[in-house]
Structures are given as C-alpha cells and as structure tokens.
Protein chains: 2
Amino acid sequence: MNDASKARPMAQNIYDSPEFFENYSRLGRSVEGLEGAAEWPSLRALIPDLRGLKVLDLGCGFGWFCRWAAGQGAAHVLGLDLSEKMLTRARAETPDTAIAYERADLDRLELPEAPFDFAYSSLALHYVADAGRLLGQVRRALRPGSEMVFSVEHPIFMASARPGWSVDEAGNRAWPLNGYSVEGPRTTDWLAPGVVKHHRTIGTWLNLLIGLGFEIRHVEEWSPTDEQLAAHPEWAEERDRPMFLLIAARLKD
Amino acid sequence: MNDASKARPMAQNIYDSPEFFENYSRLGRSVEGLEGAAEWPSLRALIPDLRGLKVLDLGCGFGWFCRWAAGQGAAHVLGLDLSEKMLTRARAETPDTAIAYERADLDRLELPEAPFDFAYSSLALHYVADAGRLLGQVRRALRPGSEMVFSVEHPIFMASARPGWSVDEAGNRAWPLNGYSVEGPRTTDWLAPGVVKHHRTIGTWLNLLIGLGFEIRHVEEWSPTDEQLAAHPEWAEERDRPMFLLIAARLKD
C-alpha cells in the first residue's frame, strides 16, 4: 500500500509504546481473540459470506479477524496496521498464505482501485484524524456492491471530557456526557497516558458514508444481551451508556 | 383516517391537558411558528421540493408546517394530531383549502395505500409506543421513491432517569446519561407532570426504517451553528448533549 503522502501528519503509534502494548496484550480480546470481545457476536452477524472474496482489514492488530476471514473461505485477506509489534505477532501466528500483513498509517493510506470485495475494521477508525479521507480511500478500494462492516468506540463514550461513571448520593450511576457535538481529538489515559482518539458523532459517521455512495444497512449501539448479562453481570453498565458503535454499509452499484 | 383498531391502547393525550396546553402555547415554536424552532433550518434543508406533492404531517400541532408546505406548492396536505385543542386552533388559522386536518392517534392509525408523496413529522414520533407499527403504516401510505423527514427528541436526551444538568465542584456541566440501551417509556415533568414518551436508540430508529425498505439519506444530531450560538449564547449546552435527532429517508422504488 502506498502511504507516501508525507504532507499529512503521521498518526500516533500508541500501540507500539511498551506500556500500552503490554497492557493491551493482557486484554481478553488479545488473549482469547474474537471470542474474547463482547461485541464480536453482533459484529459477526453483520458480515456477509466471505467465500472467494478479497478482504481488507483496517487496523488488523494481532490478525485475529484476518485468520477468521481466511477460515471462512476468503480468497485473500490484507491486514493493515501501524504497529510493528502487533504485525510481528500477527505474522508469527499466521501460517496461512492467503493472508498478507502490511504496515500502514490509516491517516496517510492510499489504496488502489477496486481490488477488494469486503472491508472490515474493528475499533481502529476512531484513531484516524480525517475519517472522510480514509473512507474515500476505502470506497475507491471496493468493487461496487461490496460491503463494509466496522466498529468504533461509541461517540457517547468518547465525547466526554471526564469519561468515567459518576454516582450520586442515592447510588445512581450516570455517565457525565459533555461535548457531544464538538468533534475533534480527545486525549485519555487508557492503558497508557496520552492516547489520542478522534471524536465524531453518529450522524457524521453515517453522513460521510452516505456522501461517498454507501447505503447504510445496519447501525448498532452495542449492549449486552440478557444471556451475556447473566454470564457477565459486570457488563450492566454497558446498558447505561454504549461503548461500541457498529455500522454495516454497502457500496452502491 | 381509520384508527378503529381498538385493541391497541390509546396514546396519552397530554397536549389537551389544560396545564400542558397553556405552557406549550407559550413556547417560541408555538408563538413564532417554524422560525421559533431552533432546529427548523436544519430540518427544512432536508425537505425536497414539495410542488405538486401530496404531503402527510404526523403530529401537526397548530398546523405551522402544513401551511408552510402549502405555501411551497404542495398539492394537498393532511395534518394529523391527537389534540382537539391544537386542531381547533390549526383549523381557525388555516384558510387554505389544500390543507385538511384530522384527529388521529398515531398508536392506532391505519393509513390507506400510497396516496402520499412525502411524510413529515416534528417531535411527535417519540410519543408513539410502537414506532415499528406506525412507520409500517407510513411506508404503506407513501408511493415508492417518496421521502420522509422527521425529528424526534434525541435518545441521549430522553434516556436519562434524571434528565437535567449536573455541575461538579469545578463548574463543569455534564448530562447524566443512563439507561441508553433500555428502550421503553420515560415519564417526565415537562410543561406538566407525568408526560409519557417512548425511548429508543438511534440504531433502533434507523434499523426500523431500513427494515421497512427505506434508504437513509441523512442523520443529524442537531446542535447550534456558530451564527445561532452568537445570537443565542444560552444554546451552548446543546453542544454538550443533543436534544433533537433529525432523520431523512427515502422509500426505495
């Protein structure tokens, strides 16, 4: 992939900072893979039949989805990530020759025209400063009729200046939302200090896609099912404010 | 319109309670009409050319939009509302014979097939208990290719058990969000005690429309423009948590 457009600032490579990488590697989703991610069943339900498709994974991390896609019969899977450490582990754990990993900065990425039939991204696009530019590149890289399924941190979760629960005298838990309509960078201390993410509203995500010629297929503000809640009572807070936003869209013919 | 399906519970008719009606009648949007509604410029921008179209307005209130639509050249406008008091004033202020007002409960409404070319609703559909049923009726009433534009109270605004600002020791304002993923009735004291609204997430609104064969055209979580904020500095809080959700959709051919 060509990311030679050096005029654009490079994205923060927080995943390669030793502290962040070590803490990230301990998360359920890093140890157990897709099944360790609470939102994976919802995301998986949006993914079309991948048999014979050429698949693009933006922010592939350790390569869990790339390997799953190949296991579903994808003809070719390209996983892109900025983190050398994650790509090193991904390559070491991937014997499948239908999968290729490349280092790429999603803020600078330029993709060739229409070699892919499906685009996927899990919790990566909120690190991108110019989502419109990147989605334009994804549109360019997809054949007409292709689908895109992605998740981002939910704007309700990301907007707040003080992203943590408040509890009043009566013990009622609430998420102190502010700045929802003020889009732009948010710096938080998640796994390491100074992690930079980029907040945009649900409306902005959807209107960007619509403006590029995608048709919205499904929008899910993830919360646990009753079964998940029975197994993980600590997930109840996810029903008070969503943490994940899942979107499925189809590039029109 | 036929609302004879008596098995369904009738909606709360709060607008006809004397206290609510008197307070509602004093709001800017009741005195000044569309121009008194902060979100109207954003809503208007989503409305197609109405010339020659048959227009349906769900929850027409005092008839401001019906008269505007007729002024834009709509061939016929049908305004529906549950409130006798609002319809009485609407009829008194509407000499235009292209406009008809009928009393209807949106929770029981049954519409005929395809007589309309455009459907509109302003801040009414969040009073409806079964939005899927009502949107199905709207779909039935629209010719293929027709557009629908509507606003509802934003789910972020409606979800909270304690919908009011909290301010911490440092003076930071926050909206205490909870129960976002718990859909269903919310009872608040707005203009009168015990007003019942029905909360559903953005995802639910959009997936209902998509499932019925609508294509999402635009989603806007309204916040004031810089110009509006200069004229109304007190609207700054609307950038901290949105109050209105605006959706434009098109019934596929």
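The set of residues in segment A:223-246 being open to solvent by less than 50 Å² (accessible area, probe 1.4 Å) and either among the aromatic types (Phe, Trp, Tyr) or facing chain B (nearest Cβ under 8 Å) (or both) consists of A:SER223, A:GLU238, A:ASP240, A:ARG241, A:PRO242, A:PHE244.
Note on segment B:132-149: among residues that are surrounded by fewer than 21 Cβ atoms within 10 Å (Cβ to Cβ) and among the small types (Gly, Ala, Ser), the one that is farthest from B:PHE214 (Cα to Cα) is B:GLY132. The set of residues from segment A:180-222 being open to solvent by 20 Å² or more (accessible area, probe 1.4 Å) and assigned to a helix (DSSP H, G or I) comprises A:THR204, A:ASN207, A:LEU208, A:ILE210, A:GLY211.
Scanning segment B:100-116 for residues that are crowded, with 21+ Cβ neighbours inside 10 Å and over 14 Å from B:LEU82 (Cα atoms) returns B:LEU111, B:PHE116. For segment A:192-222, a tally of residues being among the small types (Gly, Ala, Ser) and away from chain B (no Cβ under 11 Å) returns 3. When A:LEU50, A:LEU56, A:LEU43 are checked against the criterion of being under 19 Å from A:GLN137 (Cβ atoms) and open to solvent by less than 10 Å² (accessible area, probe 1.4 Å), a single residue qualifies: A:LEU56. Contact map, segment A:149-173: first residue closer than 16 Å to A:SER223 by Cα and within 11 Å of another protein chain (Cβ to nearest Cβ), second residue open to solvent by less than 10 Å² (accessible area, probe 1.4 Å) and of a type in the set (Val, Ile, Thr), Cβ cut-off under 8 Å, separation 6 or more or different chains; pairs are A:PRO155/A:ILE202; A:ILE156/B:ILE156.
Residues are listed down the side, and each one gets a yes or a no for (1) touching a helix residue (DSSP H, G or I) at 6+ places or on another chain (Cβ under 9 Å); (2) among the basic types (Lys, Arg); (3) under 22 Å from B:ALA192 (Cβ atoms):
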site: B:ARG26; (1), (2), (3): no, yes, yes
site: B:SER42; (1), (2), (3): no, no, no
site: B:ASP57; (1), (2), (3): yes, no, no
site: B:ALA69; (1), (2), (3): no, no, no
site: B:GLN72; (1), (2), (3): no, no, no
site: B:HIS76; (1), (2), (3): yes, no, no
site: B:ASP81; (1), (2), (3): yes, no, yes
site: B:MET86; (1), (2), (3): yes, no, yes
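Restricting to helices (runs of 4 or more DSSP H) lying wholly in segment B:38-120: which have 3 or more residues that are in contact with an Asp or Glu (Cβ under 8 Å, 6 or more places away or on another chain)? Counting at least 3 such residues, we get B:64-71, B:84-92. Among the criteria (1) over 22 Å from B:PRO242 (Cβ atoms); (2) under 21 Å from the mean Cα position of the chain (by Cα); (3) assigned to a helix (DSSP H, G or I); (4) within 14 Å of another protein chain (Cβ to nearest Cβ), the one A:ARG140 does not fulfil is (4).
Listed here are the residues, each with its yes/no results for (1) over 22 Å from B:GLN12 (Cα atoms); (2) crowded, with 19+ Cβ neighbours inside 10 Å; (3) touching a residue at least 24 places away in the same chain (Cβ under 8 Å).
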| site | (1), (2), (3) |
| --- | --- |
| B:CYS60 | no, yes, yes |
| B:GLY63 | no, yes, yes |
| B:CYS66 | yes, yes, yes |
| B:HIS76 | yes, no, yes |
| B:LYS85 | no, yes, yes |
| B:THR88 | no, no, no |
| B:GLU93 | yes, no, yes |
| B:ALA98 | yes, no, yes |
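Scanning segment A:185-197 for residues that are free of Cβ contacts under 8 Å to residues at least 24 places away in the same chain and under 17 Å from the mean Cα position of the chain (by Cα) yields a single hit, A:TRP190.
Which count do you get for residues in segment A:156-178 that are surrounded by fewer than 18 Cβ atoms within 10 Å (Cβ to Cβ) and among the small types (Gly, Ala, Ser)? Steps first, please.
Start the filter on segment A:156-178 by keeping residues that are surrounded by fewer than 18 Cβ atoms within 10 Å (Cβ to Cβ), which leaves A:161-162, A:164-173.
Checking the rest, the ones that are also among the small types (Gly, Ala, Ser) come to A:161, A:164, A:166, A:170-171.
Result for segment A:156-178: 5.
Is it the case that some residue within segment A:183-191 is at the interface with chain B (Cβ under 8 Å from one of its Cβ atoms) and small (Gly, Ala, Ser)? Explain how you work it out, then say what you get.
We begin by selecting, within segment A:183-191, every residue at the interface with chain B (Cβ under 8 Å from one of its Cβ atoms); these are none.
No, segment A:183-191 contains no residue that is at the interface with chain B (Cβ under 8 Å from one of its Cβ atoms) and small (Gly, Ala, Ser).
Considered as a group, the residues in segment B:223-250 that are within 17 Å of the chain's Cα centre (by Cα) and either assigned to a loop (DSSP other than H, G, I, E, B) or among the aromatic types (Phe, Trp, Tyr) (or both) include one that is nearest to B:ASP117 (Cα to Cα), and that residue is B:PHE244.
The values are calculated or read from the model by the stated rules, or taken from the named source; none is laboratory data. As the structure is a prediction and not an experimental result, all values here were calculated from the model. For neighbour counting, all protein chains shown are included, and Cβ atoms are generated from backbone atoms with ideal geometry for every residue, glycine included. Protein only, heavy atoms only, side chains kept; ligands, DNA and RNA dropped before computing areas. Shrake-Rupley method; radii C 1.70, N 1.55, O 1.52, S 1.80 Å.
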